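Encoded as structure tokens, the structure appears first; notes follow it.
The values are calculated or read from the model by the stated rules, or taken from the named source; none is laboratory data. Source: prediction; values computed, not measured. Using ideal geometry, Cβ is built from the backbone for each residue, glycine included, and neighbour counts are taken over all protein chains shown.
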Amino acid sequence: MGVYEVKSLEQYFKVYKRSVREPRKFWSKIAEDFVWYKKWDKVLEYRLEEAEVKWFVNGKLNITKNCIDRHLAKRGDKTAIIFEPNDPDEEAEHITYNDLYNRVCKMANVLRDQGIRKGDRVCIYLPMIPELAVTVLACARIGAIHSVVFAGFSESALAARIQDCECKMVVTSDGGFRGNKTIDLKGIVDGALETCPSIDKVLVVKRTNADIPMKEGRDEWLAPLYEKASTESIAEVMDAEDPLFILYTSGSTGKPKGMLHTTAGYMIYTAYTFKNVFQYEEKDVYWCTADIGWITGHSYILYGPLANGATTVMFEGVPSYPDFGRFWEVVDKHKVTQFYTAPTAIRALAKESTDWVTKYDLSSLKVLGSVGEPINEEAWHWYNDHVGNKKCPIVDTWWQTETGGLMISPIAYATPTKPTYATLPLPGVQPVLMDEKRNEIEGNQVVGSLCIKFPWPSMARTIWGDHRRYKETYFSAFPGKYFTGDGALRDEVGYYRITGRVDDVVIVSGHNLGTAPIEDAINEHPAVAESAIVGFPHDIKGNALYGFIILKETGETRNRENLTREINQYISEHIGPIAKLDKIQFVSGLPKTRSGKIMRRILRKIASKDTANLGDTSTLLNPEVVEDIIENAV
Ligand code: 7RM
């Protein structure tokens, strides 16, 4: 990848231009630095109108050979993963590349012994412990498709994800630690599996030592199987376009979308972007605070860093436990050089005393990163001043589950940063802004819908089992282009600032929440007739949820407080506590268009107390309810 390393702005422009002029040459040059069983016949084949893309056609490889095996000769004793437990009194674990090789091979053999084969789906529902990383990589080694489900998801959310891609196995644990809580993961799995006939095995990792029921014939403790497994496992030969993983993301309508990522393009792109954006050097210690249950964890805790032979920190805990100094204590303890987190965490910590920060030595830091939502100016400055001590560039990285890797972002020490701006497209990324008439908006100082007009290697290839939905969601609004769902503006020098979603996904504390599934959950409550959820700005979470709810006319007058509590209870059970509503307003009607669609735009304005100009309301069927809702807004 050395040829296209970017160390200055001048070099960035040179490399960027080349990547646009000759994308095939550009990416094949980078791909040559990896280990292949067989090189590709053709770099790229695509038809964006059909949502069809193939990179490195007929190339053969295994991603774990690239992330582990090839480092052993030079870096066998180097730490690959530093595991930092939830409890600061529990010792951190340093897993070398040699250790990681042994562990992944053992786990790969366990999976094979349990009947898992290339192409089978394995659901991983684990806390942030080493076994999570090892299981993900073991799947990749044998060609099984991993589907990691964030261990904060509820029983029914887990069940829906298992059912959708018909997983054969779940790997989970007896429980998980998060701050001062323990979570009964196995209990949630047991509940979910009542409606998941495709599962025939559950492997259980011991973490909390909770006394849990084991179902005869289905559940097995991992440890005894793992102990006797061999430390050698031949890596499966994978085609460049063989599926690597499925990761679910919520949509604006319907069930979650299983985004499918494939092998070679994903590997090359995450490796290249990791190296450049974070300017990772051999002795660095890199820490991304995300959970591996999200794309950020997949690409920038595991695959990207490991493909570079990096040392990557895996943190089990939360920023506020045992106190608000936890992040900075870990940075100091492991001498972290690159620190990558989300604006919601920064805002939460910025509310507390700066003594929590100054207490620790943060002088090891060289680069700070931000991801997940727009970072507001105040949070940006707090991060820059107090954490980076004004000497660490902040890389505000814009990207998506669907894009697989970073898309628009500064390159540390090359791209001058600007608060709230994700700045420039990375090499190989060709963003465009589109107007309502589907025309490309040229020039600078403009706003529009953000699209990408040329394929990049790590783009998702489809939605599992529903290519039509993939095509319709991402490639139909602007034919021939990938539509991100985000709006953006381009400033006078061509820097991009992401303004937020243009569809009905709300980002709460960095978690993408589709409003439709939350409405579905609420509507199951016997007293609820109809509901509409929108986001509104929130100091800490970035956005919070506001529910407009119409109650059924049952004659009985129910206690509103109890109802509010019950509704949030329903949401917790169906989606997870993250999706609970901050505000609930019981209304007599919802603003609807003539075609029967709820006009969420108006509800968003009401929720954010911005009702001076409601925009075009000419298609409204029932303008009178709007006034009523505004009057009684909470
Ligand atoms: C990586 C990730 C994707 C959505 C995306 C945006 C928002 C992410 C930024 C951002 C402004 C950023 N994947 N988003 N990063 N908005 N600036 N730096 O978050 O699939 O979970 O979410 O997140 O709206 O479309 S995701």
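In region 470-515, how many residues are touching a residue at least 12 places away in the same chain (Cβ under 8 Å), away from the ligand (no atom under 11 Å from the Cβ) and surrounded by fewer than 17 Cβ atoms within 10 Å (Cβ to Cβ)?
Residues meeting the conditions: 6.
Among the listed residues LYS418, LYS391, identify the single one that is within 16 Å of the ligand (Cβ to nearest atom) and part of a loop (DSSP other than H, G, I, E, B).
On the way: LYS391 fails: within 16 Å of the ligand (Cβ to nearest atom).
Going through LYS418, LYS391 in turn, the sole match is LYS418.
When you go through (1) within 30 Å of GLY485 (Cα to Cα); (2) in a helix (DSSP H, G or I); (3) among the charged types (D, E, K, R) one by one for GLU373, which number turns out not to apply?
Every condition holds for GLU373 apart from (2).
Select from region 368-379 the residues that are modelled with pLDDT of 95 or more and either more than 10 Å from the ligand (Cβ to nearest atom) or farther than 19 Å from TYR496 by Cβ (or both) and list them in ascending order.
Within region 368-379, LEU368 is the sole residue that qualifies.
Restricting attention to region 263-273, which residues are of a type outside the set (Phe, Trp, Tyr) and in a helix (DSSP H, G or I)? Give the steps one after another, and end with the answer.
Start the filter on region 263-273 by keeping residues that are of a type outside the set (Phe, Trp, Tyr), which leaves 263-265, 267-268, 270-271, 273.
Those that are of a type outside the set (Phe, Trp, Tyr) and in a helix (DSSP H, G or I): ALA264, GLY265, MET267, ILE268, THR270, ALA271, THR273.
Where in region 477-563 are there strands (runs of 3 or more DSSP E), lying wholly inside it, with at least 3 residues that are modelled with pLDDT of 85 or more? First the steps, then the outcome.
On the way: elements: 482-490, 496-501, 505-508, 511-514, 528-538, 542-551.
Output list reads 482-490, 496-501, 505-508, 528-538, 542-551.
Going by the structure shown, is ASN389 touching a Cys at 6+ places or on another chain (Cβ under 9 Å) and at pLDDT 95 or above? Talk me through it step by step, then tell me what you get.
Working: touching a Cys at 6+ places or on another chain (Cβ under 9 Å): no; at pLDDT 95 or above: yes.
For ASN389, the condition - touching a Cys at 6+ places or on another chain (Cβ under 9 Å) and at pLDDT 95 or above - is not met.
Could you list all residues from region 394-415 that are part of a loop (DSSP other than H, G, I, E, B) and either away from the ligand (no atom under 15 Å from the Cβ) or of a type in the set (S, T, N, Q) (or both)?
Narrowing region 394-415 to residues part of a loop (DSSP other than H, G, I, E, B): 399-407, 409-415.
Scanning region 394-415 gives GLN400, THR401, THR403, SER409, TYR413, ALA414, THR415.
Out of (1) small (Gly, Ala, Ser); (2) surrounded by fewer than 22 Cβ atoms within 10 Å (Cβ to Cβ); (3) touching a helix residue (DSSP H, G or I) at 6+ places or on another chain (Cβ under 9 Å), what's the single condition that is false for ALA379?
(2)
Condition check: free of Cβ contacts under 8 Å to residues at least 60 places away in the same chain, under 21 Å from TRP287 (Cβ atoms), away from the ligand (no atom under 14 Å from the Cβ) and in a helix (DSSP H, G or I). Does LEU365 satisfy that?
no
Would you pick out the residues in region 580-632 that are closer than 30 Å to GLN569 by Cβ, in a strand (DSSP E or B) and at pLDDT below 90?
LYS592, ILE598
Out of the residues in region 284-304 that are under 23 Å from VAL35 (Cβ atoms) and touching a Lys or Arg at 6+ places or on another chain (Cβ under 9 Å), which is nearest to the ligand (Cβ to nearest atom)? Full working, then the answer.
First, the residues of region 284-304 that are under 23 Å from VAL35 (Cβ atoms): 284, 286, 298-304.
Going one step further and asking which of them are touching a Lys or Arg at 6+ places or on another chain (Cβ under 9 Å), we end up with 284, 304.
Working: ASP284: 22, GLY304: 12 Å.
Restricting to residues being under 23 Å from VAL35 (Cβ atoms) and touching a Lys or Arg at 6+ places or on another chain (Cβ under 9 Å), the top hit is GLY304.
Is there a residue in region 214-232 that is among the aliphatic types (A, V, I, L, M), in a loop (DSSP other than H, G, I, E, B) and surrounded by fewer than 14 Cβ atoms within 10 Å (Cβ to Cβ)?
no
Being crowded, with 20+ Cβ neighbours inside 10 Å and aromatic (Phe, Trp, Tyr) is the filter; apply it to region 516-548 and report the residue that is nearest to the ligand (Cβ to nearest atom).
TYR546
Only one of LEU260, LEU244 is closer than 20 Å to ASP69 by Cβ and not in a helix (DSSP H, G or I). Can you tell me which? Walk me through it before giving the result.
Numbers: LEU260 fails: closer than 20 Å to ASP69 by Cβ.
After applying the criteria, what remains is LEU244.
Could you pull out every one of the strands (runs of 3 or more DSSP E) wholly within region 274-342 that has 2 or more residues that are aromatic (Phe, Trp, Tyr)? Let's see the steps before the verdict.
Numbers: elements: 285-288, 311-315, 338-341.
Passing ranges, in order: 285-288, 338-341.
Considering (1) touching a Cys at 6+ places or on another chain (Cβ under 6 Å); (2) surrounded by fewer than 24 Cβ atoms within 10 Å (Cβ to Cβ); (3) of a type in the set (A, V, I, L, M), say which one ILE162 fails and leave the rest.
(2)
For the condition modelled with pLDDT of 95 or more, surrounded by 20 or more Cβ atoms within 10 Å (Cβ to Cβ), closer than 20 Å to THR270 by Cβ and among the charged types (D, E, K, R), what is the one hit in LYS29, LYS106, LYS54?
Working: LYS29 fails: surrounded by 20 or more Cβ atoms within 10 Å (Cβ to Cβ); LYS106 fails: closer than 20 Å to THR270 by Cβ.
Exactly one of LYS29, LYS106, LYS54 is modelled with pLDDT of 95 or more, surrounded by 20 or more Cβ atoms within 10 Å (Cβ to Cβ), closer than 20 Å to THR270 by Cβ and among the charged types (D, E, K, R), namely LYS54.
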